[in-house]
Amino acid sequence: MKKTPKIKTKASKEAMRWGADDGSTSAELAQQPGLGGNDFDVLMQHEADGVLAAKKIVAKLKERGVCLCQANAPQQLVVAAYDEAESLWEEGNFVPPLRVHDDASLLESRLWRPALQDEDRVYWVKGSPEGGEATAGTAALATNALRLLAGNLKDFGAGLNDQLQSQLGLSFNRLGQTMLSCYTGDRTYALHLDNCHGSEDEDGGSVLPDNGLRLTLVYYINLYWDPETGYNGGGLDVHLTDPSKTPESAAAARGTRALRIAPHADTLAIFLSDRMAHRVVETKGTDPRFCLTLWCLDGEIMQKAARTLNTMRVAQRQTDDSDAED
């Protein structure tokens, strides 16, 4: 029996600089939303068997690196989640995604920097309290609809793990905390990989280790999207490079056609974290665009990366001290 080829998980030895963007925000589009919204690969309302649905999704990831699903969340739940997100945003509950206060948090920030570089302020959706009871009050808004959606997103991601292992040779053993983002204002965003191991850091001084991110899930909850305007700000452009390997360079990724994803409600985009370069679509005006993001990761690899970064940092300090003595 012919063996199924596995997707490689090692990066190219040639370092890339994903921070060195060319400033371009346009991309030739291979596919874009129509008047009916996104052209979904999988409609979950038509999938009675969860295992077969997972097979379809992972097969599309193997073929294209990204899969677009209509999640089939109840409309009332999505409406409630949008209202909660809007209240959290308007009342100032979004904060910087990472706070650096010691050496450990500094290392953590470097590991997450590629994935979070465009996130100025976010809201981390915490898990449901014991017993699943909702909590009253403004500061606890996300204990209701957003928490339920975040839990559903985690269940969905976890359900793909077996098929990822069997079809792609990838696996994860940990789910990150779900992040609520808001994209608004006149702003452009950087093309990036969530896990750009093998590339140089922003200063060009060292090659980043594998941060363990394997799969990215992005779920949109925006109710007010008008297909006739053609405006997809806050959505996503995923560049369709070869999903079996890391792009040869940032320039090569920019040169490929992209799948444009509209940020309309109940859209779930799933893509390979260390394979598919992507960019948030340029926003204009004051209307907010909200999405929930979940990363599926290898916890041991992330811990190893932190140790690697610490070793690199100590070595750099020793080099700097030696140069100062000279």
So, first residue under 16 Å from Ala59 (Cβ atoms) in the range 153-165, second residue of a type in the set (A, V, I, L, M, F, W, C) and assigned to a loop (DSSP other than H, G, I, E, B), Cβ within less than 6 Å, six or more apart or across chains; the pairs are Leu164/Leu170
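Any residue at all in the range 198-210 that's at pLDDT below 95, of a type in the set (Gly, Ala, Ser) and in contact with a Phe, Trp or Tyr (Cβ under 7 Å, 6 or more places away or on another chain)?
Yes, the range 198-210 has at least one match.
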Could you tell me whether Thr283 is touching a Pro at 6+ places or on another chain (Cβ under 6 Å), modelled with pLDDT of 90 or more and either surrounded by fewer than 22 Cβ atoms within 10 Å (Cβ to Cβ) or of a type in the set (Ser, Thr, Tyr) (or both)? no
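The rows are residues; the columns are (1) at pLDDT 90 or above; (2) under 28 Å from Asn38 (Cα atoms); (3) surrounded by 12 or more Cβ atoms within 10 Å (Cβ to Cβ).
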{"residue": "Tyr82", "(1), (2), (3)": "yes, yes, yes"}
{"residue": "Ala85", "(1), (2), (3)": "yes, yes, yes"}
{"residue": "Asn93", "(1), (2), (3)": "yes, no, yes"}
{"residue": "Ala104", "(1), (2), (3)": "no, no, no"}
{"residue": "Ser109", "(1), (2), (3)": "no, no, yes"}
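Quick grid of which residues meet (1) in contact (Cβ under 8 Å) with a residue 12 or more places away in the chain; (2) open to solvent by less than 30 Å² (accessible area, probe 1.4 Å); (3) farther than 15 Å from Pro33 by Cβ; (4) not basic (Lys, Arg):
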{"site": "Leu223", "(1), (2), (3), (4)": "yes, no, yes, yes"}
{"site": "Gly233", "(1), (2), (3), (4)": "yes, yes, no, yes"}
{"site": "His239", "(1), (2), (3), (4)": "yes, yes, yes, yes"}
{"site": "Ser249", "(1), (2), (3), (4)": "yes, no, yes, yes"}
{"site": "Ala253", "(1), (2), (3), (4)": "yes, yes, yes, yes"}
{"site": "Ala258", "(1), (2), (3), (4)": "yes, yes, no, yes"}
{"site": "Ile261", "(1), (2), (3), (4)": "yes, yes, no, yes"}
{"site": "Leu268", "(1), (2), (3), (4)": "yes, yes, no, yes"}
Residues that are surrounded by 12 or more Cβ atoms within 10 Å (Cβ to Cβ) and at pLDDT below 55, drawn from the range 125-166: Pro129, Ala134, Thr135, Ala140, Leu141, Ala142
Some residue of the range 34-56 being surrounded by fewer than 16 Cβ atoms within 10 Å (Cβ to Cβ), farther than 27 Å from Leu272 by Cα and in contact (Cβ under 8 Å) with a residue 12 or more places away in the chain: yes
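The values are calculated or read from the model by the stated rules, or taken from the named source; none is laboratory data. Being a predicted model, the structure only gives us computed values, none of them experimental. In this analysis, Cβ positions are derived from the backbone assuming ideal geometry, glycine residues included, and neighbour counts consider all displayed protein chains. Note: accessible area is taken over every heavy atom of the protein model, side chains too, but ligands, DNA and RNA are not part of it. Shrake-Rupley method; radii C 1.70, N 1.55, O 1.52, S 1.80 Å.
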